[in-house]
1. Just to make sure I understand: if all protein chains stay in place, what is the order of B:S56, A:S145 by accessible area at 1.4 Å, largest first?
2. Taking a quarter of the surface of the Cα convex hull of chain B, what do you get in nm²?
3. Heavy atoms of the protein only, probe of 1.4 Å, neighbouring chains included. What is the accessible area of A:M26 in Å², nearest 10?
4. Just tell me how shielded B:74-84 is by partners: mean number of partner chain Cβ atoms within 10 Å of each residue's Cβ, no decimals.
5. Based on the alpha-carbon set only, what is the convex hull volume of the stretch A:128-236 divided per residue, in Å³?
6. Order B:I37, B:I99, A:I93, most accessible first, counting only protein heavy atoms with a 1.4 angstrom probe.
7. Assuming a strict under-26 Å limit between Cα atoms, what lysine pair count do you get for the protein assembly as shown once near-sequence pairs (fewer than 8 apart, same chain) are dropped?
8. At 1.4 Å probe size, with every protein chain present, just tell me what the per residue accessible area of the protein assembly as shown comes to in Å².
Amino acid sequence: MAYGTQADRALRPLAAAWAAMLVAAMLAAAALQGIDERYRVRAEQASSAHAGTPTGDARDLGGRRFEWILTGITTLGLLGVGAALYRRAARRIRRELVRLESEIQTRTQTEHALRRSESRFRDIAESVPDWIWEVDTEGRYTYCSARAQEVVGYAPDELAGRTFYDLILPENVDRARAAFEKCVSERRPVKDLVNWRRRKDGGTVRLLTNGVPLLGKSGEAVGFRGVDRDVTDRRRAEDALRRSEEKFRLMYEESPLGLVLSDVHGGYLEANPAYLRIIGYTAEDLSRLTFWDITPPEYHGREYDNQLILRYTGRYGPYEKEYIRKDGSRVPVLLNGALIESPEGPRVWSIVEDITRRKRAESELARVQRAEADLRSRIQQHLLIGRTPERLPGAAAAALSVPSEQLDGDFYDVCPLQPDCFDVIVGDVMGKGATAALVSAATKNALLRTLTQLIATSTCGSETERREPILPDPARVVQDTHREVTPQLIEVERFVTLMYARFRFAPHPVVTYVNAGHARPLHLRRSTGVCTFLEGGNVPLGFTEHERYEQRHAPFEPGDLFLFYSDGVTEARNPSGVFFGEDRLRAYVEANHWRTPRGMLEELRREVARFIGGEGFLDDLTCVAIETDGPQRPRTVELAAAYPEMAHVREFANQLCDDAHTDGRTRDRVILALHECASNVIRHGYNGRADGAFTLEGRVQPNRIAVQLTHRGVAYAPAAARTPALDSTREGGFGLYIIDQTTDEVWYAPGRNGEQTVSLVWRLEPDEHREALRTDEAASRTKR
Amino acid sequence: MKLRVEQSGNVTVIHVESNHLDAGNTTQFRNAMSEAIAGRQAVLIDLTDVQFVDSSGLGALLSCLRQISADGGRLRLCGISRTVRSLFELVRMHRVFEIHGSREEALAAFASERNDDEGAAPPPEEAP
């Protein structure tokens with residue numbers, strides 16, 4: 001319609017022109033008529049002027065009117081014919097225009113559709129991950145989608161004019177050409193052809209090719225159109241999957257770990273060869289078993305726990321158990337497992353490791369560690385610490401050495417030198433391990449050698465004059481030892497803290513000591529029950545070669561106690577990192593003032609262990625306790641191991657209680673305990689033999705009574721006095737219980753020369769203590 | 001070991017004439033007691049002279065108690081010293097034995113017990 005309208009519009013000027021020409025023609029005719037009329041009037045006027053008759057003009061005027069009408073009619077006729085012709089022509093033109101318009105519209109629509117189709121094709125071709133191409137019958141590319149760049153590395157422009165043979169691996173070209181030519185001749189499509197191509201970068205790419213022949217007008221193939229898909233990755237993925245499957249199959253088959261799939265009730269579903277080897281059953285056996293059948297009964301409880309854990313956490317283990325093998329033997333295993341969901345229900349995959357060898361190795365390791373600990377202990381016992389005699393001139397001694405888990409450098413020794421004199425040496429080498437132990441041993445050796453040499457020197461030449469050699473001062477011993485060992489200590493970058501103390505009782509009781517950077521010993525005064533530290537101001541050995549060691553003096557009273565210790569005591573730390581410390585140590589000693597040296601140290605060990613929360617001492621716990629004798633002399637009696645002697649035992653106990661001015665409950669306890677102890681020696685120690693004997697040595701200190709019973713019978717040392725049935729059901733077994741209940745300390749220990757000792761201690765009550773002190777003072781005043 | 005056995009009504013009073021009862025004399029004590037208490041229904045052991053008892057002596061006393069109880073009889077103790085009592089208390093035997101301060105007190109306890117028994121049950125056909 002638009003085109004028709006336009007045609008009308010185009011015809012309108014033509015029609016207007018036509019009409020205008022007609023009007024112009026008419027106007028021209030009229031004008032010519034008018035002009036002619038005017039010329040005729042003028043001529044008539046001129047002729048009349050000359051002749052003057054009007055008759056002939058009127059006749060001409062009528063003829064002219066006729067001509068004019070004729071002309072008009074003719075014109076009108078022409079106009080009519082023209083109009084008819086115009087209409088006809090216009091109709092024809094209009095029809096032609098409508099046809100043209102329709103044709104143009106169809107063509108435009110086709111072109112639009114084509115353009116859309118092309119665009120779609122192009123979009124698809126560019127967006128699919130495949131390379132779309134067209135080749136002619138020679139295999140020459142006539143179209144390539146942009147994906148070619150990604151697939152083979154060539155841009156579509158670069159491929160234009162090249163054949164696909166250029167991309168085929170040389171060895172495959174002939175085969176590819178033959179195949180392609182056959183497809184062309186037979187107009188056969190190419191389907192799922194896997195082939196390798198060379199990439200522009202020299203690499204290869206594996207393609208899956210599909211194509212269809214393009215047919216000419218007569219049905220002949222004029223080319224191919226198709227798609228190449230890069231399947232290199234897929235192949236790789238397939239290969240990887242295959243390799244992975246192979247790997248896992250190998251792992252399953254060849255793994256040294258047992259792999260087993262079971263249901264949640266323990267029924268076996270699958271097991272690898274390693275698992276079968278561990279348990280010694282065949283796969284066929286397994287189908288009739290559950291893991292309960294091969295789990296020893298003592299592990300059943302743990303297995304139930306594991307099932308719960310598995311249900312709530314989806315995992316179990318690692319945990320160790322044993323399996324009962326087919327041959328009845330047991331095999332230790334380590335298990336781990338996980339719950340998995342399968343279409344058939346929940347399943348359990350377990351990994352089972354045979355840990356027989358590990359267990360053996362652990363056992364071997366434990367044996368080696370025991371041997372090592374033993375060696376360590378022997379080094380410590382023989383090289384670093386001396387055998388502390390319980391009795392020293394004028395004092396009782398005890399030593400405590402709790403080795404840490406490593407070899408440490410603590411050392412000590414107690415050397416009785418003269419009837420009223422002995423030395424105490426306590427030292428510690430900085431650091432741990434074998435070096436520390438060796439340095440420690442060397443230092444101790446140097447000290448003792450120095451002491452011996454100095455004593456020997458002082459004795460020479462003066463032997464005739466003096467019975468006792470003059471002992472070298474502690475300062476001299478330490479100074480000479482320092483001179484000998486410090487250069488070596490500096491060389492090995494170690495230093496040694498040392499406390500060297502000499503106890504003398506005559507003419508006055510005094511301790512002379514040198515403290516070379518060691519922990520400050522404690523001095524407990526019995527008279528006041530108060531502790532003080534022995535101060536000392538020298539640096540450790542090995543610090544500087546120019547140190548001058550000086551000695552100090554600390555007078556003491558009979559019965560006073562001295563505690564020497566290593567920093568392992570004060571530096572023991574509790575789980576919060578708090579040190580045991582000097583203050584806690586002092587408070588402990590004051591609170592336990594009544595104890596014997598041995599009891600003091602044993603209880604200290606328990607106290608430190610309680611403080612740190614266990615026995616795992618990081619550092620050696622080394623202590624030496626020296627208790628000087630009280631003012632009262634010991635009371636001793638030797639008795640035959642026979643029941644009639646029991647009256648003497650009771651008498652001895654009574655005498656001690658008299659010495660201690662104690663009565664009442666304490667006296668009952670002393671008599672009962674001593675009586676039971678002597679009874680035990682007769683009954684168990686000598687088993688009724690009549691030739692036995694035992695000795696009782698009793699000492700009264702201001703704050704306790706202590707008795708040591710020594711015998712040569714069989715040792716009996718109950719670990720703990722068990723509480724007997726305290727009703728009428730048993731008539732015996734009360735002895736040890738009574739001893740335990742009626743003493744404050746009791747020790748069973750081997751003595752010297754195959755003797756056995758039992759030490760019994762009773763703490764005197766504070767009022768008894770004061771009473772005893774008063775009496776002692778009165779006695780000493782009387783003596784004076 | 002010497003025991004002095006007396007009869008006070010139906011009560012057999014055994015006076016231990018030793019100042020100690022311990023491992024040294026318990027065997028004699030057991031033998032002598034075994035004879036003295038055989039078939040007795042009411043026994044009073046007077047320990048006034050005994051100043052010391054040890055675990056063996058205690059065991060011997062327990063043995064007596066069991067023997068008398070097995071025969072359906074009753075054992076009481078009297079005259080124990082402070083020291084002996086402290087041992088009894090230590091091993092809780094003061095709860096097992098019936099202990100009285102004096103012989104009279106113990107005999108009164110026996111008499112009162114006998115009266116109670118007679119009130120509660122018909123008299124026995126034969127006097128013990």
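1. Working: B:S56 20, A:S145 0 Å².
Final ranking, largest accessible area leading: B:S56, A:S145.
2. Over every viewing direction, the Cα hull of chain B projects on average to 7.4 nm².
3. About 90 Å², rounded to the nearest 10.
4. 1
5. Cα-based convex hull of the stretch A:128-236, divided per residue, equals 94 Å³.
6. A:I93, B:I99, B:I37
7. Lysine pairs satisfying the spacing and distance rule in the protein assembly as shown number 7.
8. Result: 54 Å² per residue.
The values are calculated or read from the model by the stated rules, or taken from the named source; none is laboratory data. These numbers were taken from a predicted model, which means no experiment stands behind them. So basically every Cβ, Gly included, is an ideal-geometry build from the backbone, and we count neighbours across all protein chains shown. With ligands, DNA and RNA removed, areas are computed over all heavy atoms of the protein, side chains included. Shrake-Rupley method; radii C 1.70, N 1.55, O 1.52, S 1.80 Å.
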